[in-house]
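Since the structure comes first, as structure tokens, the remarks are kept for the end.
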Amino acid sequence: MAIWPDMTRIHHAPTPSLKRTLRNTLVLALVLARTAVAPALAGDAGAGKDVFKTECAECHSIKEGRNKKGPSLFGVVGRKAASLPDYGYSDALRGQTTWTWTPEQLHAYLSQPAKRANPGTKMKYDGLNDQKQLDDLITYLGTIH
Ligand code: HEC
């Protein structure tokens, strides 16, 4: 008879610890998920906003649907090149059917003169040499969704 209270305790004991284990696993999964995207988006978005203002805002807006001389950069990270339906792209950019604006692609494109990265483009930009500014800028663009 004396064994019953013990059995009850044993029976109930795993429940809270299992919950804790699941919660810890979830927290760990979230931490790992963040770490996994970190290398490509390691810059400082606040500083990147200033880079955007000085380097890009003359021709680009980050507002959805707002095209200036260049197409809107709303949601540009992860977008296929030349894919906005309401912007008149050059044939040169339209021809880049395999390009998607991943952080890596943006890095490669923006670190050199646009006309070298994409001969025939109508984006007149000489490129950004400063690697930190480039990382900050791309991190900032990644927040615009
Ligand atoms: C002098 C104007 C000008 C400046 C400055 C400029 N761009 Fe552009 N950008 C353009 C134009 C025009 C296009 C369209 C290119 C084409 O169709 O060939 C373009 C296209 C792009 C595209 C392709 C978008 C798409 O929908 O495929 C990206 C990405 C881009 N610019 C990013 C930037 C960033 C980031 C900066 C700042 C570092 C910048 N540009 C500076 C004019 C500019």
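Results, tabulated for the structure shown:
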quantity: Chain lengthening between S61 and T102 when straightened (0.36 nm per residue, less Cα-Cα); calculated: 12.9 nm
quantity: Under 12 Å, Cβ to Cβ, from T100 - net charge with Lys/Arg +1 and Asp/Glu -1; calculated: +1
quantity: Fraction of alpha-carbon pairs over 18 Å apart in the stretch 43-141 - percent; calculated: 42
quantity: Charged-residue dipole, Cβ positions (Lys, Arg, Asp, Glu), the stretch 43-141 about Cα centre, Debye nearest 20; calculated: 420
quantity: Top positive-direction residue, dipole computed over the stretch 73-145 with Cβ charges, set T97, Q112, V77; calculated: T97
quantity: Global form of the stretch 66-109, assessed from the alpha-carbon gyration tensor, a/c cut-off 1.5; calculated: oblate
quantity: Cα-based reach from K80 at 21 Å (exclusive), listing lysines while leaving out same-chain residues under 8 positions away; calculated: K63, K68, K69, K115, K122, K124
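FYI, it's all coordinate maths here, none of it is from the lab. None of these values were measured; they are calculated from a predicted model. FYI the Cβ positions are ideal-geometry reconstructions off the backbone, even for glycines, and counts take in every protein chain you see.
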